[in-house]
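One structure below.
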Amino acid sequence: MLSFIYVEFISRPLFNALVFLIGVMPGRDAGLAVIVLTILVRSALSPLTHHSIKTQFKMKEIEPEIKELRAKHQNKEEQAKKIMELYRRHGVNPLSGFLLSLVQLPILIALYYLFWQGLDLTKGNLYSFIPHLETARMEFLGLINLGAPSLFLAIAAGASQFFQAKLAQPPFLSSKKKSDESSQGDFSRAMRIQLVYVLPVFIGVLAYKFPAAVALYWTTTNIFAIIHQEIVRYKAQKIQYAQNIPPTKTNNSG
């Protein structure tokens, strides 16, 4: 049953969408189709992504308050209770990112599997209203073979992952404050370092093991996320700036 749902509601629709997009792309460029498909998928998930990004920014804003609560309440149960109260007060759901990952996971698996197969567009499994393609250009912009690993796109995937993770993380503490961190804070900081510096290397190496279409998909996903994060950041800063402007005094003279 789960296999049927996965194939009929996730894998097959994505495959057909990719075939359709290749058919309407200039020169039937499969690389352009991969980019457009990725943008469409990310746009469909944008409400969840938007909420998750807003939560990240709110978490950054209340991080000093969380540290104060951890320092003030040594009892773990009391500490967790106070932090959850803080989350509720600010309308923050710390599990939103995890929930977003759960929703995206089946789609990511389907896309990876589709690209990992080398984009075999000649097989069956097409809807009746999707034209069958006899040929498709598997060289992205006539330069990169999407069915083989690409060092350039692998580096692009790793680099875009680095910038995306860097923008998503709060700034690291200065060396003066490091000694005051709790063990939990040390662990949190270590995880951030892993996400910012280690994960991009892992993604880049992994992307070079797969067909270039996978690296192109991952790079497009990261660029989309970076743009989305910056839009949310700009709007948040604009609102915060407006809230901090003191009201203009009325001129009663004359």
Projected label distance in nm at L143 and F4, using a 7 Å step from Cα toward the beta-carbon:
4.7 nm
Whole-Hz ³J(HN,Hα) for each residue in segment 146-155, computed from phi via Karplus 6.51 cos²θ - 1.76 cosθ + 1.60 with θ = phi - 60°, x for glycine and proline: what do you get?
6, x, 10, x, 10, 5, 4, 6, 5, 5
In the neighbourhood of E85 defined by beta carbon distances under 14 Å, the net charge of the other residues (Lys, Arg +1; Asp, Glu -1) is +2
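Each value in this text was obtained by applying a stated rule to the coordinates, not by laboratory testing. Small disclaimer: the values here were computed from a predicted structure and weren't measured. A quick note on method: Cβ atoms are made from the backbone with ideal geometry, for glycine too, and the neighbour counts reach across all protein chains shown.
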